[in-house]
């Protein structure tokens, strides 16, 4: 759970992003690709990727409606972020961003769901 200061910082960042229009999926795809390139080049460590995912998590969590099960939402959000961001210990190179099928497969494997 975020503390009050983290929540306020996340809200301020959210307002700024909304103001300059950086809420687009294309921006997210570019960020993921940039992270993948930097990880592949050895310039971005897993800890830095975790901090990036934490920043994204805070942004999404601060705008999430309160009516939904918060703990379940946060678990699902973490799993989805883990599925799309690169890690330096991936045995095989992954496609730069991946497909929706790749994401669903990864999430199913992590949650034990079968389709």
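None of the figures in this text is laboratory data; all of them are computed from the coordinates on show. From a predicted model like this one, the values you see are computed outputs, not experimental measurements. We place every Cβ from the backbone using ideal geometry, glycine too, and count neighbours over all the protein chains shown.
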Q: Report the full-extension gain for the segment residue 37 to residue 78: residue separation times 0.36 nm, less the Cα-Cα distance, to one decimal in nm.
A: 12.6 nm
Q) Each label point is 7 Å from the Cα along the Cα-to-Cβ direction; what then is the distance between the points at residue 71 and residue 46, in nm? A) 2.7
